[in-house]
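The values are calculated or read from the model by the stated rules, or taken from the named source; none is laboratory data. Note that this is a predicted model, so its numbers are computed, not measured. Here the Cβ positions follow ideal geometry from the backbone for every residue, glycine too, while neighbour counts run over all protein chains shown.
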Amino acid sequence: MTGAHLSFADARVAYRTDEGDLTALDGISLEVAPGEPIAIIGPSGCGKSTLLKLAAGLLSPTSGQVLIDSRQVTGPRSATSLILQDLGLLPWKTVEKNAELGLALRSLPRAERRDRARRALAQVGLAGFERRYPSELSGGMRQRLAFARALALDADLLLMDEPLSALDALSREALQQVLLELQQQRRYASVLVTHSIDEAVFLGRRIVVMTPRPGRIAGIVDNPGMGRKAYRASAEFGQVGRQVRSLLERALAKEEES
Amino acid sequence: MRRASKRLLGYLWAVVFIMAGWWISSLAVGSPALPEPVSAIKTFGAQAAVIAPQFAISAWRVCVAMLIGAGLAAPLGLVSGRSSRVDAVLAPIMYLLYPVPKIVLLPVLLVLFGLGGAPKVALIALTVFFQVLMTMRDAGKAVPQTAVVSVRSLGGSGWDVFRHVVLPATLPSLFTSLRISTGTSIAVLFFAESIAGTTGLGWYIMNAWGMLNYAAMFAGIIAMAILGIIFYEAFNAVEYATSAWRRAGDSATQR
């Protein structure tokens, strides 16, 4: 499996509100190469989530284009997997049935569904929990379950909206490691929206910094060292982090002026 | 299994307690209208062959009425709960009609459907309909939107949302509302059967009363109690089976 090629071409999203048009995203042009993990960071209101919804096909751009493998995105696509902040687990389904959900929606044979779900669950370290319900899992385990659901789908594009924001610092680092390893094994393209500079530098081969009102791309930081062993402790990690921080600070300062 | 035996034990204890209370009351009242439990149970045994067909008729009426009432109300309630446009039209009607006691319609139903089973079934169905309608509307509204988005984002259709989200999320509420409406249904059944017709447990009880056969009357009351308990327990069991996921969270927090 190779990753998908996601591209935004001058995409713009505007909503009509009572106080006139509100531009959520403006002039977004971005290429995500097959198998490339990118991170998006920016203050709230910069349209990060809107960008993900565009890629997921849950929203259409007001103007401009969103393409996956050169085809216009018109609706949810079966090889795209979206993990939202609240994870979207179904509390009435067991862990296994939750992991199977995407496959069940595609009416795959029961045996294959179970097979793929079990393999994905084992991969994220949830073997033995198949019969439990999400409410019986810890926050970190629920997180793993959401990943397993995406993995079972064999997605070539993984979209994540602050999936780790509800976790404590330790489980967060552990799951960042899980995400990194999964991405390196499976080679899907991924877009991770995050509030944490640390997380962005750890998981993004490139880091897209966005500014709010309207949501625009302020700059893209290249991060070639991403994925290296003990990267978090390296000088380069800190340096890229500082670069992202200064871009963010400039973006925020500009906002305060206006 | 442990749960079932625990429940059975609870029932046994309750029966002993109720019998004792009954026995003491009958001694205190000292009227033939309240016979002591042993003679009522003896009569119940002796009359079993007479009571059984009436029991079957009453059980059938409640069954059909609940199927019709819930069968119409559940989908309508869900649609109203899930679609704000439908709800805008239906909700005011529901609010207006829900508190009206459906039982006052019995005379009308008797004129329309005659003295047979139909008016009884219709009256119970009406009662169940509104209870289930209100519950399912609320249950439909309470379906977590995040779960809907989750299925949608995976490419699920409207039918998929119903099958994987709306139905499992609201099924426990359906059986809760049916369990709760059992009591009202049996009461309405008694009322309808005792006023018109010559069949069913309600008729049997009032007939025995008219003949001053209080032991037989109480045998009928016991039969009616059993009928209620059977329905209540059946809905309880289905409710339990469809809501395992709700309890899972509770036990996790206790651990």
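Summary table below
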{"read-out": "Residue that is surrounded by the most Cβ atoms within 10 Å (Cβ to Cβ) [pool: residues in region A:213-258 that are touching a helix residue (DSSP H, G or I) at 6+ places or on another chain (Cβ under 6 Å) and under 21 Å from A:Gly27 (Cα atoms)]", "value": "A:Val244"}
{"read-out": "Residue in region A:30-40 that is over 19 Å from the mean Cα position of the chain (by Cα), surrounded by fewer than 16 Cβ atoms within 10 Å (Cβ to Cβ) and among the charged types (D, E, K, R) present", "value": "no"}
{"read-out": "Qualifying residues in region B:1-46 (those that are part of a loop (DSSP other than H, G, I, E, B) and not polar (S, T, N, Q)) - the one nearest to the chain's Cα centre (by Cα)", "value": "B:Met1"}
{"read-out": "Unmet requirement for B:Ala73, which otherwise passes all of (1) of a type outside the set (D, E, K, R); (2) exposed (fewer than 10 other Cβ atoms within 10 Å of the Cβ); (3) at pLDDT 90 or above; (4) within 21 Å of B:Ile180 (Cα to Cα)", "value": "(2)"}
{"read-out": "Filter pass, B:Val121 being surrounded by fewer than 23 Cβ atoms within 10 Å (Cβ to Cβ) and within 30 Å of B:Met217 (Cα to Cα)", "value": "no"}
{"read-out": "Meets criteria (in a helix (DSSP H, G or I) and either aliphatic (A, V, I, L, M) or loosely packed, with under 13 Cβ neighbours inside 10 Å (or both)) for B:Gly81", "value": "no"}
{"read-out": "Enumeration of residues in region B:144-172 that are in contact with a Lys or Arg (Cβ under 9 Å, 6 or more places away or on another chain), under 20 Å from B:Ala74 (Cα atoms) and within 8 Å of another protein chain (Cβ to nearest Cβ)", "value": "B:Asp160, B:His164, B:Pro168"}
{"read-out": "Among residues of region A:85-101, those that are of a type outside the set (D, E, K, R) and at the interface with chain B (Cβ under 7 Å from one of its Cβ atoms), counted", "value": "5"}
{"read-out": "Yes/no for A:Ala104 being within 12 Å of another protein chain (Cβ to nearest Cβ), surrounded by 18 or more Cβ atoms within 10 Å (Cβ to Cβ), at pLDDT below 85 and over 30 Å from A:Gly238 (Cα atoms)", "value": "no"}
{"read-out": "Number of the condition not met by A:Leu164 [criteria: (1) touching a residue at least 12 places away in the same chain (Cβ under 8 Å); (2) not in a loop (DSSP other than H, G, I, E, B)]", "value": "(2)"}
{"read-out": "Leading residue by the ranking (surrounded by the fewest Cβ atoms within 10 Å (Cβ to Cβ)) among those in region B:227-239 that are away from chain A (no Cβ under 14 Å) and touching a residue at least 24 places away in the same chain (Cβ under 8 Å)", "value": "B:Ile230"}
{"read-out": "Any chance B:Ile51 is touching a residue at least 60 places away in the same chain (Cβ under 8 Å) and either out of contact with any Cys (no Cβ under 8 Å at 6 or more places or on another chain) or at positive phi (or both)", "value": "yes"}
{"read-out": "Single unsatisfied condition, A:Val66 versus (1) assigned by TED's automatic domain parsing to the domain that holds A:Ile197; (2) part of a loop (DSSP other than H, G, I, E, B)", "value": "(2)"}
{"read-out": "Some residue of region A:191-198 being touching a Lys or Arg at 6+ places or on another chain (Cβ under 9 Å) and at positive phi", "value": "no"}
{"read-out": "Residues (buried (at least 19 other Cβ atoms within 10 Å of the Cβ) and within 14 Å of chain A (Cβ to nearest Cβ)) located in region B:124-142", "value": "B:Ala139"}
{"read-out": "Flag if B:Val111 is β-branched (Val, Ile, Thr) and farther than 30 Å from A:Leu108 by Cβ", "value": "yes"}
{"read-out": "Condition check for A:Arg131: more than 14 Å from chain B (Cβ to nearest Cβ) and farther than 28 Å from A:Ala55 by Cα", "value": "no"}
{"read-out": "Boolean, A:Ser107 is without any contact (Cβ under 8 Å) to a residue 12 or more places away in the chain and not β-branched (Val, Ile, Thr)", "value": "yes"}
{"read-out": "Residue check, A:Leu54 touching a residue at least 24 places away in the same chain (Cβ under 8 Å), crowded, with 22+ Cβ neighbours inside 10 Å and not in a strand (DSSP E or B)", "value": "yes"}
{"read-out": "Flag if B:Ser194 is within 25 Å of B:Leu78 (Cα to Cα), small (Gly, Ala, Ser) and either away from chain A (no Cβ under 14 Å) or under 22 Å from the mean Cα position of the chain (by Cα) (or both)", "value": "no"}
{"read-out": "Boolean, A:Arg206 is surrounded by 19 or more Cβ atoms within 10 Å (Cβ to Cβ) and within 14 Å of chain B (Cβ to nearest Cβ)", "value": "no"}
{"read-out": "Matching residues, region A:107-121, being surrounded by 23 or more Cβ atoms within 10 Å (Cβ to Cβ) and more than 30 Å from A:Ser7 (Cβ to Cβ)", "value": "A:Ala117, A:Leu121"}
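Residue by residue, here is whether (1) assigned to a loop (DSSP other than H, G, I, E, B); (2) more than 14 Å from chain B (Cβ to nearest Cβ) holds:
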site	(1), (2)
A:Ser29	no, yes
A:Pro34	yes, yes
A:Thr50	no, yes
A:Pro61	yes, yes
A:Ser81	no, no
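Residue-wise test of (1) under 30 Å from A:Glu181 (Cβ atoms); (2) in contact with a Phe, Trp or Tyr (Cβ under 9 Å, 6 or more places away or on another chain).
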{"site": "A:Asp10", "(1), (2)": "no, no"}
{"site": "A:Val13", "(1), (2)": "no, no"}
{"site": "A:Arg16", "(1), (2)": "no, no"}
{"site": "A:Glu19", "(1), (2)": "no, no"}
{"site": "A:Asp26", "(1), (2)": "no, no"}
{"site": "A:Ser29", "(1), (2)": "no, yes"}
{"site": "A:Val32", "(1), (2)": "yes, yes"}
{"site": "A:Leu52", "(1), (2)": "yes, no"}
{"site": "A:Leu59", "(1), (2)": "no, no"}
